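The values are calculated or read from the model by the stated rules, or taken from the named source; none is laboratory data. Not measured: the values here are computed from a predicted model. Don't worry about glycine lacking a Cβ; one is built from the backbone with ideal geometry, like all the others, and counts go over all protein chains shown. Just so you know, the surface numbers come from the protein's heavy atoms only, side chains and all, with ligands and any DNA or RNA stripped out. Shrake-Rupley method; radii C 1.70, N 1.55, O 1.52, S 1.80 Å.
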Amino acid sequence: MAVLDASEIERVFRDEYGRAVAVLVRVLGDIDVAEEAVQDAFTAAVQRWPSAGLPPSPAGWIITTARNRAIDRLRREASREDRHAHAALLHARGEPAEEGAVRDDRLRLIFTCCHPALAASVRVALTLRLLGGLTTAEIARAFLVPEATMAQRLVRAKGKIRDARIPYRIPNEAELPGRLRAVLAVVYLIFNEGYTASSGDRLVREDLCAEAIRLGRLLAELVPDEPEVMGLLALMLLVESRRVTRTTPDGDLVVLADQDRGLWDRDLIAEGQAIVRRCLARSRPGPYQIQAAINAVHSDAPAAAVTDWRQILQLYDQLLSLAPSPVVALNRAVAVAEVDGPDVALALVDGLDLGGYHLFHAIRADLLRRLGRDSEAALAYEAAIGRTENAAERDFLQRSRQSLTRG
């Protein structure tokens, strides 16, 4: 019998951890107990599978093993008068562990992780932990906090879910739109942190981008009739298609106009554009769908010089009407610069209250540079440099600042 490679068990862990936890939360009625049970089951898998081989249904094996081990543990703890163990044991006795309802189980768990009673940053961390299977250490690194700090946050979040009796269920029809927005925002936050890391030496966190896309695909599978779910997935796929061209081999940032479009991932572009077309056919536009459409226009252009900026500007006008914000207005100004000129765009940018946002100063610096106002551009670059903690972005801005003195 062929030896099962450790990477194959790791792949099963990434693919099946979230669904196993989701099923066990329903079965056991307690997130902590469910999570520990699934971890125990995977520990058993690491010991057994290399010699016995991968079972026909890895997820079923994990869920059954986890349930049995959890019940054994709960019986022992219940004998010590642990009221939570008693409750979980009673819950487990009345709940089957089969996988048939896993679609709804995972959706319930997503909505539980993203409940509005939890702080936004905790929602992201809890989603990564329970559905992504990321370790506490991995999540702590993503948030740039000590592992012990993140562990405490996760414990408090799960405690709040238990003590506040946050329901483990899919919201009803009246609640769904608002709650779904929170879920999509969490997935998009994960993707954005991966796309441009808020700090550190690397521009991109590939692991977070991949995890956000995986969660996006899961949501698209679970709620396929929600166009904003499909819009977010399309947006992430189209942005991800450019990832390998966003930096040089040395890790230097490359702006969109200078990227080698021949290296863009055409399969991701085709998939993203097909989803955008399906969204357009539904005629239920939303912010994620419009942002996906903007990126679809970029991906249509074989060269930066032939980008249809007028269409992009029209899409930004629609986005600004649906989801008005200073950041959307800032991004719209970039399109205005290409259609009406940098002077018109600069007037719009100067009217925005985004002084603490590094990209506000970076965009303003570029507009001033294009207008030949180099001394003002240098000051704007310095303001941008002082407001980013990402080394790749900071190096790019410093090179742009230095190019002014060489010109």
**OP:** Please identify the pairs in which a residue from region 369-380 that is more than 15 Å from residue 343 (Cβ to Cβ) has its Cβ atom under 9 Å from the Cβ atom of a residue that is surrounded by fewer than 15 Cβ atoms within 10 Å (Cβ to Cβ), counting only partners at least 6 apart or on another chain.
**Re:** 374/405; 374/407; 378/405
**OP:** Only one of these is over 20 Å from residue 118 (Cα atoms) and either of a type outside the set (Asp, Glu) or modelled with pLDDT under 75 (or both): 205, 153. Name it.
**Re:** 205
Original post:
In region 269-281, is there at least one residue being among the hydrophobic types (A, V, I, L, M, F, W, C), assigned to a helix (DSSP H, G or I), within 30 Å of residue 225 (Cα to Cα) and touching an Asp or Glu at 6+ places or on another chain (Cβ under 6 Å)?
Top reply: no
Original post:
Looking at 305, 274, 293, 281, which one is surrounded by 21 or more Cβ atoms within 10 Å (Cβ to Cβ), without any contact (Cβ under 8 Å) to a residue 24 or more places away in the chain and among the aliphatic types (A, V, I, L, M)?
Top reply: 293
Original post:
Can you name every residue in region 12-51 that is surrounded by fewer than 18 Cβ atoms within 10 Å (Cβ to Cβ), more than 26 Å from residue 169 (Cα to Cα) and touching a residue at least 12 places away in the same chain (Cβ under 8 Å)?
Top reply: 44, 46, 50, 51
Original post:
Can you name the condition, by its number, that residue 333 falls short on among (1) of a type in the set (Gly, Ala, Ser); (2) within 27 Å of the chain's Cα centre (by Cα); (3) surrounded by fewer than 16 Cβ atoms within 10 Å (Cβ to Cβ)?
Top reply: (3)
Original post:
Does residue 235 satisfy being within 22 Å of residue 334 (Cα to Cα), in contact (Cβ under 8 Å) with a residue 40 or more places away in the chain, crowded, with 19+ Cβ neighbours inside 10 Å and of a type in the set (A, V, I, L, M, F, W, C)?
Top reply: yes
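Residues checked against (1) among the acidic types (Asp, Glu); (2) touching a strand residue (DSSP E or B) at 6+ places or on another chain (Cβ under 7 Å):
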position: 127; (1), (2): no, no
position: 158; (1), (2): no, no
position: 161; (1), (2): no, no
position: 175; (1), (2): yes, no
position: 184; (1), (2): no, no
position: 197; (1), (2): no, yes
**OP:** Scan region 55-73 and give yes if some residue there is surrounded by fewer than 15 Cβ atoms within 10 Å (Cβ to Cβ), modelled with pLDDT under 85, touching a Leu at 6+ places or on another chain (Cβ under 7 Å) and of a type outside the set (A, V, I, L, M), otherwise no.
**Re:** no
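Could you list all residues from region 163-201 that are of a type in the set (Lys, Arg), in contact with a helix residue (DSSP H, G or I) (Cβ under 7 Å, 6 or more places away or on another chain) and exposed (fewer than 14 other Cβ atoms within 10 Å of the Cβ)?
If the condition is that a residue be of a type in the set (Lys, Arg), in contact with a helix residue (DSSP H, G or I) (Cβ under 7 Å, 6 or more places away or on another chain) and exposed (fewer than 14 other Cβ atoms within 10 Å of the Cβ), then 169 is the only one that fits.
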Subject >> Residues (open to solvent by 70 Å² or more (accessible area, probe 1.4 Å) and either of a type in the set (Asp, Glu) or free of Cβ contacts under 8 Å to residues at least 12 places away in the same chain (or both)) located in region 384-394 >> reply: 389, 394
Original post:
What number of residues within region 340-356 satisfy the criterion of being open to solvent by 70 Å² or more (accessible area, probe 1.4 Å), in contact with a Leu (Cβ under 9 Å, 6 or more places away or on another chain) and closer than 15 Å to residue 328 by Cα?
Top reply: 1
Original post:
Do you know which of the residues in region 94-119 that are modelled with pLDDT under 80 and within 17 Å of the chain's Cα centre (by Cα) is surrounded by the fewest Cβ atoms within 10 Å (Cβ to Cβ)?
Top reply: 107
**OP:** Starting from region 103-125, keep only residues that are touching a residue at least 24 places away in the same chain (Cβ under 8 Å), then list their pairs with residues that are of a type in the set (Ser, Thr, Tyr) whose Cβ atoms are within a distance under 8 Å, requiring at least 6 positions of separation or different chains.
**Re:** 108/168; 109/168; 110/127; 112/168; 113/127; 114/127
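Looking for whichever is among the charged types (D, E, K, R), touching a Gly at 6+ places or on another chain (Cβ under 7 Å) and either touching a residue at least 60 places away in the same chain (Cβ under 8 Å) or outside any helix (DSSP H, G or I) (or both) here; the options are 228, 221. Which one fits?
228
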**OP:** Go through (1) in contact with a helix residue (DSSP H, G or I) (Cβ under 6 Å, 6 or more places away or on another chain); (2) of a type outside the set (A, V, I, L, M, F, W, C); (3) within 25 Å of residue 143 (Cβ to Cβ) one by one and return the number of the condition residue 393 breaks.
**Re:** (1)
Subject >> Residue in region 218-226 that is within 20 Å of residue 319 (Cβ to Cβ) and at pLDDT 85 or above present >> reply: yes
Original post:
If you go through region 50-66, how many residues are touching a helix residue (DSSP H, G or I) at 6+ places or on another chain (Cβ under 6 Å) and either within 22 Å of residue 158 (Cβ to Cβ) or part of a helix (DSSP H, G or I) (or both)?
Top reply: 6
